[in-house]
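This report refers to the structure that appears directly beneath it.
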Amino acid sequence: MANYDLAIIGGGLNGVSVARDAAGRGLRVILLEQGDLGRAASSASSRLIHGDLGLLERRALLRVRAALAERDLWLRIAPHLVRPMRFAIPAHSDERPSWLLRSGLWLYDRLASSSRLPGSATVDVTHHPIGNALKRPFGTAFEYSDCVVDDSRLVIANAVDAAERGATIRTGARCVRADRLEVWRLAVVDRGRRQVITARALANASGAWTASVAETILRMPPPRAGVVQISQIVVRRLFDTDNVYVFQNVDRRLIFAIPYERDFTLIGTVGHAFKGDPAAVSMAAADVAYLCDAANRYLRERVEPSDVIRTISGANMVMNPLSKRVARDGTMMFDARGGKAPLLTIFGGDVTTSRLRAERAVSKLTLFYPMSPRWTAKTPLPGGDFAWPRFDAEVDRARERWRFLSEREAQRLVGAYGSRLADVLGGARDRADLGPAFGPELTGTEVRYLMTKEWARFPDDILWRRSKLGLTMPAGDRAALAAFMVKAV
Ligand SMILES: Cc1cc2nc3c(=O)[nH]c(=O)nc-3n(C[C@H](O)[C@H](O)[C@H](O)COP(=O)(O)OP(=O)(O)OC[C@H]3O[C@@H](n4cnc5c(N)ncnc54)[C@H](O)[C@@H]3O)c2cc1C
């Protein structure tokens, strides 16, 4: 008998979503991630949970409607990680005419007709806070609702839920060979040690590595797909309002400027076909300049390449890279021909529809194993068992219980752990109970929690994926954090 019903290669959003779904349906699951969870494309997204206006413009209405339904579902199952925002598109006289934007958003509202989020509106920016950040000539903007997510914490929350439902999650574990016999026989290198495991079915969810995993590890023909690189920049906060700005660029692309970790703004995206090692993806100077120019067409405060604090790039597989046609929303292939052990291949697609994609993928296995019905649409992710309009009330509750927390700390902690904050802070009565401090916000207690419950092994796992505290942590504190983590192992 095989050790597992399903082995998954890849701990990005697709891999952990499949792990969560399958473990909750009763399968014995193992997930293998060669580095840290979400370390590749899944922590490099532009963080949007949306119906996607680009798809609306290309008339992919059914896809927009499905994504909008998922958007609202995320608010119900992950209210700590997903935040509703008002998005603002300034009308630009050289770009799409106002009537087109207005009617497009009217349609967007209709496609989200059961949503509780407010619908679109036309705003006179000369008398509205949205206008404060914009250059003078802009008179009108169009507002609508969509959401923003903490993408890397979404990965972790899925993995935590999968593990609590029985899945084995192994980070730092690279699958180096997979033989397809009656069952799958996988060779795994984990911290220098080679080990063999067996599984009845295999999912290749290795993102930009999907083709090379197929060719070199599974020794099968790779899917005929290309790799695209998408990049973004982080600059200091450029506007005071809690809006996402959507800028129509000269090439008709929509560029988003998103409030990021309170003190920063994320501007993106720019994309290209990519060749090379996905682990070494980086942003070209010309792409940085492109995003600065796009923002400078609209924003009063100029953004120069020298203002860029961090660039974020990710690579992923898509079936028709950068084609003008509507790309498929991710790809899922299933192969069990001739009674062979089943193989699922799943890559690409939006963050917004990742839950649905995983649900459909795992459902393919119902032909082979008895399993319980679909469940992920109705069950909150860990920490998400409160109604999203109560987020601020949860923050207040946290400050009542842990009186030493500032408003800013409580916002971050509730945004990361939701109703599970007590598991992190426990019975701490004052700051001293939380152990050493690293930078203005991270404490020894939180670090220990992340190491024991969320697979963090190295400082970057905490500073850039479990949180974004790397943006504000001084170099000396990083060194202290590294030393603390070595001792805490
Ligand atoms: C820059 C960027 C911006 C995006 N923005 C958005 C957005 O705003 N909204 C939206 O909805 N979607 C967005 N997307 C799409 C979405 O983020 C991705 O499609 C999704 O995160 C991909 O997840 P994945 O699991 O397929 O890949 P990845 O996250 O890349 O995960 C694959 C994992 O497989 C691991 N792996 C590879 N080989 C092995 C092996 N042999 N053994 C073990 N592990 C292995 C890798 O280490 C990696 O962690 C964006 C994508 C990118 C790249």
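What are the principal axis extents of the Cα atoms in region 132-212, in Å, biggest first?
66, 31, 27
So if each residue of separation counts as 0.36 nm, and I subtract the Cα-Cα distance between residue 124 and residue 367, what length gain in nm does that give?
Residue separation times 0.36 nm, minus the Cα-Cα distance, leaves 81.8 nm.
For residue 335 and residue 475, calculate 0.36 nm times their separation in residues minus their Cα-Cα distance, and state this gained length in nm to one decimal.
Length gained between residue 335 and residue 475: 45.5 nm.
Measure out, as a whole number of angstrom, how far apart the alpha-carbon centroids of region 22-71 and region 448-468 sit.
22 Å
With every protein chain present, what accessible area does residue 404 have (1.4 Å probe, heavy atoms only), rounded to the nearest 10 Å²?
Accessible area, nearest 10 Å²: 40 Å².
Toward the positive end of the charge dipole of region 157-209, about the Cα centre and with charges on Cβ (Lys, Arg +1; Asp, Glu -1), which of 204, 157, 187 goes farthest?
Among 204, 157, 187, the one farthest towards the positive end of the dipole of region 157-209 is 187.
I need the trypsin sites (Lys or Arg not before Pro) found in region 188-288, filtered to DSSP loop residues with at most 16 other beta carbons within 10 Å of theirs.
In loop regions of region 188-288 (DSSP not H, G, I, E or B), the sparsely surrounded trypsin sites (Lys or Arg not before Pro) are 191, 219, 224, 237, 252, 253, 262, 275.
Along the charge dipole of the chain, Cβ charges K/R +1 and D/E -1, which of 432, 87, 377 sits furthest on the positive end?
Of 432, 87, 377, it is 377.
What does the convex hull of the Cα atoms come to per residue for region 84-235, in Å³?
About 223 Å³ per residue, rounded to a whole number.
Count of lysine pairs in the chain with Cα atoms under 30 Å apart, counting only pairs 8 or more residues apart in sequence or on different chains?
So the count works out to 9.
Looking at region 283-323, which trypsin sites (Lys or Arg not before Pro) are DSSP coil and have at most 15 other C-beta atoms within 10 Å of their C-beta?
Qualifying residues, ordered by number: 300, 302.
Taking 0.36 nm per residue of sequence separation and subtracting the Cα-Cα distance, how much length would be gained by fully extending the chain between residue 61 and residue 360, in nm to one decimal?
Stretched out fully, the residue 61 to residue 360 stretch lengthens by 105.6 nm.
222 nm [θ] for the chain, helices only, -39500 (n - 2.57) per DSSP H run of 4+, per residue, to 500?
The helix-only estimate for the chain comes to -8500 deg cm²/dmol at 222 nm.
How do the peptides 380-389, 278-287, 66-75 rank, highest first, by the average count of neighbouring beta carbon atoms within 10 Å per residue?
Descending mean neighbour count gives 66-75, 380-389, 278-287.
Relative contact order of region 30-105, please, whole-number percent, based on alpha carbon pairs below 8 angstrom and at least 6 residues apart.
Relative contact order comes out at 21 percent.
For a quick check of understanding: with a 1.4 angstrom probe and all protein chains in place, what accessible area in square angstrom does residue 98 have, to the nearest ten?
40 Å²
So what is the relative contact order for the chain, in percent, with contacts set as C-alpha pairs under 8 Å and at least six apart?
About 19 percent, as a whole number.
Where nothing but the Cβ of Lys and Arg (+1) and of Asp and Glu (-1) is charged, how large is the charge dipole of the chain around its Cα centre, in debye to the nearest 20?
In debye, rounded to 20, the chain gives about 1260.
What is the spin-label model distance, in nm, from residue 483 to residue 309 if the labels are put 7 Å beyond Cα along the C-beta direction?
The answer from the label model is 2.6 nm.
Can you give the Kirkwood hydrodynamic radius for region 1-131, in Å, rounded to one decimal and based on Cα pairs?
The Cα-based Kirkwood calculation yields 17.9 Å.
If 164, 441, 57 are ordered by their accessible area, calculated over protein heavy atoms with a 1.4 Å probe, which sequence runs from highest to lowest?
Putting 164, 441, 57 in descending order of accessible area: 164, 57, 441.
Using every alpha carbon pair in the chain, what percent of pairs falls into each 20 Å bin from 0 up to the bin containing the largest distance?
23, 57, 20, 0
Treating each Cα of region 266-322 as an identical point scatterer and ignoring solvent, apply the Debye formula and state log10 I(q)/I(0) at q = 0.12 Å⁻¹.
So the normalised log intensities are -0.33.
Give me the tail of P(r) for region 355-448 as a percent: Cα-Cα pairs with distance above 15 Å.
Across region 355-448, Cα pairs with separations above 15 Å total 66 percent.
Just to make sure I understand: if all protein chains stay in place, what is the order of 234, 227 by accessible area at 1.4 Å, largest first?
227, 234
Simple spin-label model, 7 Å along Cα-to-Cβ: residue 375 to residue 1 in nm?
Using points 7 Å along Cα→Cβ, the separation is 2.0 nm.
Given a 1.4 Å probe and every protein chain left where it sits, what share in percent of the accessible area of region 1-79 is carbon and sulfur?
Answer for region 1-79: carbon and sulfur cover 50 percent of the accessible area.
The values are calculated or read from the model by the stated rules, or taken from the named source; none is laboratory data. Predicted model only: the values in this text are computed from it and were never measured. Cβ: placed from backbone, ideal geometry, glycine included. Neighbour counts: every protein chain shown. For accessibility, only protein heavy atoms count, side chains too; no ligands or nucleic acids. Shrake-Rupley method; radii C 1.70, N 1.55, O 1.52, S 1.80 Å.
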